[in-house]
Structure formats: C-alpha cells, structure tokens
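No value in this document is a laboratory result; all are computed from the given coordinates. Predicted model, so just to flag it, every value in this text is computed and none were measured. Here the Cβ positions follow ideal geometry from the backbone for every residue, glycine too, while neighbour counts run over all protein chains shown.
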Amino acid sequence: MTADDPRPGGDAPRRHEPAETGDAAETGDAAETAETAETEPDARFTLANQRTFLAWSRTALALVAAGLGIVQLLPPFPGVRWGRHVIGVPLIVLGAVTAAEAYREWTSTQRALRRREPLPRSALPLVLAATIAVVAAIAAAVALLSATR
Amino acid sequence: MTEPDRGERDPGLAAARTRLAWRRTAIAFAAVGGIMLKTSVFAGAVVLAMCPLIWALGNLAAPHPDSARAAPRLRLVSITITVVAAVALIVSFTARGR
C-alpha cells in the first residue's frame, strides 16, 4: 500500500493499472468491509508471476527428465544394483513437489498482487538446494561404493 | 502489426515474453517425452503430445493475463507435470533398465 512494497517492476508507470478493474472493483468494494480490497494488478505483474510459474515448471520437468535419464539410460553401477534408483527417484519426486509448490506460490503471489500486499517468500529455492545437495551426496557415496567393489 | 503499435499495446513486451516462456515449457515437455520413449513408447507418446497442447495454451494465455482466467490453465500445467512425474516413477520401477 505504500511505496516500499516489494513489488516486481515497482518503478513501472501506474497508468495501466485501472485497465481491467470493471467487475473486479465492484466485487472488491462489496468485500471491502470484511476483507482487503482486491483489484486486478498491472498486467505486467500478472504476466511476470506467470513467467515465474513457467520457469519453475521447466525446472520441475528438467528434474523429472534427469531422474528418468539416470534410472533408465545410465549403465548400472557395478556392485551397487540400487545405485541408479537411489539417485534418480528423489529427483523425480522433487520434480513433482516443485510443480505443485510452483502452482501454490503462483496463487499466493497473485493474491498478494491483487491486495497490494508484500509478496510472500518462496520456499522453493531452499527445498531445491537442500534436495540437490542431498542427491549429490548420495551420488558421491554410490560412485565411491561401486569403485571399491 | 507494426512495431510502435505493438510496443504501445504490450509494454515491456511482457505478453510476448510470456508467450515465449510457454513455448520453452512446451519444448521441455517434448524433451521429457523423448527420454520416456526410450523405455515406454506409450508414455513417451502421451508426454510428447503434451508439447503442442502447452504451446497452444501459451498462445491463449498471453492476451488474457487476469488471474481468474489464468488459474485453470496454470493448474492444468502443474497437475500435468505431477502426473508426468508419477508416470516417470512407475516407468523407472517397472521397465527394466539395461
């Protein structure tokens, strides 16, 4: 509501904002007594939020592709029969989690934009970094184990 | 569509960039489908068929960015990826890797 709102493109001109307030403004006025007023944000904010969602979706697909590639295309580790699965399956599961969480975060960001509230923090970078670090440690362990057998 | 006209209707080319982001996502589906083809032709073909669908969704989405109309499309993408991941899990446990 104030100038220090951490919104994307905060310096963008406001002249596009009332573009689609037609019915949104009416419902907003009706709900204003009970809840925060909601108006359709600048189309550029909405589109930027959508691109963020799509970028996370591609990350999710890349994780699935990587996991599937490890399980199916990689030659088996000598002496470690479950080696490929223990590396690949967590990546595929992380892909599914990323896709679902990306949609949840798109929804909450869109709500914050409509209410002119500060944007919520994203949990995805931490989840992604932690899981990839664990998978890397597992991969190193599997590689060492198969080398010693 | 002349250039100054387009810049006026699409400030920052936000809609054009979003359309391109949808296309990259569609291509990512094709990549996953291609990998799946190797072990399960049916699952791979289904995921490959998602590619033109996502591409078309992107062309629909860019001109109508408002939240109410975008939500079902994005939910569809999210659910589809989750299903693809589930299929990938099944494929990785059932099909015997070489």
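Here is how the numbers come out for the structure above:
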| quantity | calculated |
| --- | --- |
| Local electrostatic count, A:Val142, Cβ distance below 15 Å [Lys/Arg +1, Asp/Glu -1] | +3 |
| Neighbour-count order for A:Val135, B:Val83, A:Val64, fewest beta carbons within 10 angstrom listed first | B:Val83, A:Val135, A:Val64 |
| Exposure proxy order (Cβ contacts within 10 Å, fewest to most) of B:Val46, A:Val89, B:Val77 | B:Val46, A:Val89, B:Val77 |
| Nitroxide proxy distance, nm - points 7 Å out along Cα→Cβ at A:Leu119 and A:Ala143 | 3.5 nm |
| Other protein chain Cβ atoms within 10 Å, averaged over every residue that makes up B:13-22 | 5 |
| Calculated P(r) tail over 18 Å for segment A:41-148, as whole % of Cα pairs | 56 percent |
| Neighbour-count ranking [beta-carbon atoms within 10 angstrom, fewest first] of A:Ser122, B:Ser67, A:Ser108, A:Ser57 | A:Ser108, A:Ser122, B:Ser67, A:Ser57 |
